[in-house]
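Enquirer: Pasting a structure below so you can have a look.
Read-outs: derived from the displayed coordinates by stated rules, not from any lab. Since this is a predicted model, take the numbers as computed values, not measurements. For neighbour counting, all protein chains shown are included, and Cβ atoms are generated from backbone atoms with ideal geometry for every residue, glycine included.
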Amino acid sequence: MISIGDATLERATGSLTLTQFRALRVVVEHTPVTGTRVAADLGMNPSSVTRACDRLVTLGLLSRARNPSNRRETLLAPTAKGRQLAEQVNRDRRRVLAGILDRLDPDSRAAVVAAFALFTDAADGKD
């Protein structure tokens, strides 16, 4: 799973670290969002997230703006290019996983899909 994630990220971006891409994904999913929220979602130090987001802004994948309701906060939002990149990586990952599942016989495929559902529930804290 990790090698699939790494390979699809490398093909799509070539220049982003996993941390930078994870930050981009959080911003895409929760836009607009503060860097503090991104850091909390990733379980990372805010200064590390700030550096990752600085790089994403430089690459034109994120934009920053002052929060109109709290001028001390800066909001992050994906640019069209950033949103497209996140969507491309997600499509590539789904395509690769679908190809792997297609190579399994129907019973094995059903078992793997069921196991992934259980894994997802456990990761989300569901019983």
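Enquirer: Return the FRET efficiency for the residue pair Ser108, Ala40: r is the Cβ-Cβ distance, R0 is 41 Å, and the value is rounded to the nearest 0.05.
Expert: 0.60
Enquirer: For region 1-54 and region 73-101, what is the centre-to-centre distance using only Cα atoms, to the nearest Å?
Expert: For region 1-54 versus region 73-101, the Cα centre distance is 11 Å.
Enquirer: Let me ask another. Provide Rg over Rh for region 45-97; use the alpha carbon set for both Rg and the Kirkwood Rh (inverse mean inverse pair distance).
Expert: 1.10
Enquirer: About the Cα centre, and with charges only on the beta carbon of Lys, Arg (+1) and Asp, Glu (-1), how big is the dipole of region 2-123? Nearest 20 debye, please.
Expert: Dipole size: approximately 620 debye.
Enquirer: Could you list which residues have their amide H under 5 Å from that of Ser63, counting only those 5 or more apart in sequence or on another chain, with H placed in the peptide plane?
Expert: Sorted by chain and number, the residues that satisfy this are Ala77, Thr79.
Enquirer: If you don't mind, another one. Along the charge dipole of region 2-123, pointing to its positive end and built from +1/-1 on Cβ of Lys, Arg, Asp and Glu, which listed residue (Leu18, Ala80, Val96) has its Cα farthest out?
Expert: Farthest towards the positive end: Ala80.
Enquirer: Using Cα atoms only, what is the angle between the long axis of helix 2-12 and the major principal axis of the chain, expressed in degrees (0 to 90) to the nearest 10?
Expert: 60
Enquirer: So how tilted is helix 18-30 from the main axis of the chain? Cα-based, degrees 0 to 90, rounded to 10.
Expert: That works out to roughly 80 degrees.
Enquirer: Counting only residues 5 or more places away or on other chains, whose amide H sits under 5 Å from the amide H of Thr34 once H atoms are built in the peptide plane?
Expert: Amide H to amide H, under 5 Å and 5 or more residues apart or across chains, Thr34 pairs with Leu76.
Enquirer: What translational diffusion coefficient, in µm²/s and rounded to a whole number, does the Stokes-Einstein relation yield for the chain at 25 °C and a viscosity of 0.890 mPa s, taking the hydrodynamic radius as the Kirkwood radius over Cα pairs?
Expert: Reported coefficient: 152 µm²/s.
Enquirer: Note down the relative contact order for the chain as a percent, whole number, built from C-alpha pairs under 8 angstrom at least six residues apart.
Expert: Answer for the chain is 24 percent.
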